[in-house]
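Below is one structure; the comments refer to it alone.
Any read-out appearing in this document is the output of simple, stated calculations on the displayed coordinates, not a laboratory observation. Just so it is clear, the structure is predicted and the values come from calculations on it, not from any experiment. As a convention, Cβ positions derive from the backbone with ideal geometry for all residues, glycine included, and neighbour counts pool all protein chains shown.
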Amino acid sequence: MKDNFSRQAKDYAKFRPTYPTNLIQSLISLTNKQDNAWDCGTGNGQIATILSEYFVKVYATDISKNQIKNAPKKSNIIYKLESAETSSLPDTSVDLIVVAQAIHWFDFDKFYSQVKRVLADEGTIAVLGYGLLTINPDLDKVIRHFYTEIVGNYWDEERKYVDEQYKTIPFPFKEIQLPPFKIKYQWKFDQLIGYINTWSAVQHYIRNNNENPTRSIARELEKNWGEKDRVEVTFNLLTRVGKLS
């Protein structure tokens, strides 16, 4: 698994979208007990924090020390610095596994081997994510051009799975279809810029060129933003949910 987010861990915690409570509640409804959950690739602990309200213990793992450093600390969340493919969790010990905006970085075969080992009977695995945000046609056009043309060559190959809405990842489980979920925010301009700056492609561009490419579109974004203090931003959620076959 690549560590693309340690350098911008604080901004990741500040600007990345969180997942709606009704989605998490839908996942919990698919479990028959709430003893242990595993938030794999926890990042800044967004999902772990929500799960901690429902589960006795939440195990939150990531390979980024800086990400975990910026995650909220709670008495029933156990953070561990380890990869998705080498879990230290006991066999059949977890009722719910959640992977949020991270599975495209994993070695699928090795990770799924761990899932099948640690998932309890009737346990559930949920793969979550979100694609490119939408605002309005004018702003979307600028962002799409930036995404594909300006930083397009700087995306890791694994990003294709997000662009394909996780439909093309292997998923060797008995799949459960969830209704569509969306995340909506009222964002100020600096929140949009802050979010774009967390993109791994933007960070790759900066390392290669010693300049931030976001500056090249800031003026055009501002022009299309208009006079509003805030605009509505929408993320369509990607979900793959299943149980052991």
TODO: Take the chain, connect every pair of alpha-carbon atoms lying under 10 Å apart with a spring to form a Gaussian network, then pick out the residue of LYS182, LYS223, LYS160 with the largest mean-square fluctuation.
DONE: LYS223
- [ ] Express as a percent, rounded to the nearest 5, the fraction of DSSP beta bridges in the chain (both residues included) that run antiparallel.
- [x] 45 percent
TODO: Could you work out the local net charge near LEU89, counting Lys and Arg as +1, Asp and Glu as -1, over the other residues with Cβ closer than 11 Å to its Cβ?
DONE: +1
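Divide the volume of the convex hull of the Cα atoms of segment 145-241 by its number of residues and quote the answer in cubic angstrom per residue.
For segment 145-241, the hull spanned by Cα atoms encloses 113 Å³ per residue.
Please give me the summed charge of the neighbours of TYR185: other residues whose Cβ is under 14 Å from its Cβ, Lys and Arg +1, Asp and Glu -1. Don't jump to the answer; show the numbers that get you there.
Working: positive: LYS14, ARG16, LYS182, LYS184, LYS188, LYS228, ARG230; negative: ASP190, ASP229, GLU232.
Result for the local shell: +4.
Which value in deg cm²/dmol, rounded to the nearest 500, describes the helix-derived mean residue ellipticity at 222 nm for the chain, given -39,500 (n - 2.57) per DSSP H run of n ≥ 4 and division by the residue count? Walk me through the numbers before you get to the answer.
Details: 10 runs with 79 residues, N = 245.
Dividing the helical sum by the residues of the chain leaves -8500 deg cm²/dmol.
Give me the mean projected area, in nm² to one decimal, of the convex hull enclosing the Cα positions of segment 126-176. The partial results should precede the final answer.
Working: hull surface 18.5 nm².
Mean shadow area of the hull around the Cα atoms is 4.6 nm².
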TODO: Taking just the C-alpha trace of segment 1-140, give me its Rg and Dmax in Å.
DONE: 14.9, 51
- [ ] Hey, could you grab the Kirkwood Rh for segment 73-157? Inverse mean 1/r over distinct alpha carbon pairs, Å, one decimal.
- [x] 15.8 Å
Open item on the list: Starting from a Cα-only point model with no solvent, please compute log10 I(q)/I(0) by Debye for the chain at q = 0.09 1/Å.
Closed with: -0.39
